[in-house]
Amino acid sequence: MGMIARGLDLIFGDGRNVVADTVGIFRESAENAGARETQMKDAALSQLAAEFARPRKGLFDRIIDGLNRLPRPLLAFGTIGLFVVAMVDPIWFASRMQGIQLVPEPLWWLMGAIVSFYFGARHQAKGQEFQASVAETMTRATTVASNVKALEEMAAPRTPAAPVAESGGNPALEEWRGRDGG
């Protein structure tokens, strides 16, 4: 039995798993990968927090923020303008479109990449805002449901009160009915 134990110690090491250590060289440990990913996310968040730690109030910052807001409206209004020009002066529009056909294909790929990244980042940010607003709305759903139920109860038609019995309940009413002839 001692020789078998020494042979296994030779293969697996003294208290260590030589096979696991060897595999660890060729395959990443999930635990270590998770730790590295957590460190990377923490570093990115701290960098972002440091960037927005102080409010930017300078003229340069306001100008740059204004310029960052221009591309979307310019693209939208420019596209609408192209439709208007195509209807107003089709010959002028067609000649400009012929010029666009001369743009080389790599430039179109570059333009597509720039627009995709710009609008893709915007789409992701707006998508996250939308998910947060949906979650907020869902937290208010029970309050809204109880309010709607209360409003429906208020709007429900009410049954009229039962008529007063004609016999012996109200002497003034009996006298009034007698004068009226009914």
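Every number here is computed from the coordinates shown, using simple stated rules; none is lab data. Just so you know, these numbers come straight off a predicted model, no measurement behind them. Neighbour counts run over all protein chains shown; Cβ positions are idealised from the backbone, glycine included.
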*Using a 10 Å Cβ count of at most 14 others and DSSP loop calls, identify the longest part of the chain lacking such GluC sites (Glu not before Pro).*
29-165
*Could you tell me whether region 103-145 comes out rounded, prolate or oblate from its Cα gyration tensor? Rule is a ≥ b ≥ c as square roots of the eigenvalues, rounded for a/c under 1.5, then prolate if a/b exceeds b/c, otherwise oblate.*
prolate
*Report the extension gain between residue 19 and residue 83 in nm, rounded to one decimal, defined as 0.36 nm multiplied by the number of residues separating them, less their alpha carbon distance.*
16.2 nm
*Calculate, in nm to one decimal, what residue 41 and residue 124 gain on full extension: separation in residues at 0.36 nm each, minus their alpha carbon distance.*
28.1 nm
*asked:* Need one number: nm distance between label points at residue 131 and residue 52, each 7 Å from Cα along Cα→Cβ, rounded to one decimal.
replied: 1.6
*Kindly write out, for region 24-36 in residue order, the coupling ³J(HN,Hα) from the Karplus curve 6.51 cos²θ - 1.76 cosθ + 1.60 (θ = phi - 60°), rounded to whole Hz, with x marking Gly and Pro.*
x, 6, 9, 10, 6, 6, 4, 5, 5, 5, x, 5, 5
*Could you let me know the centre-to-centre spacing of region 100-161 and region 20-85, using Cα atoms, in angstrom?*
22
_Cross-link reach list, lysines versus residue 41, counting only Cα pairs under 24 Å and skipping chain neighbours closer than eight places_ = 126
_DSSP-assigned coil residues among trypsin sites (Lys or Arg not before Pro) in region 55-122, each with at most 12 further Cβ atoms within 10 Å_ = 56, 57, 69
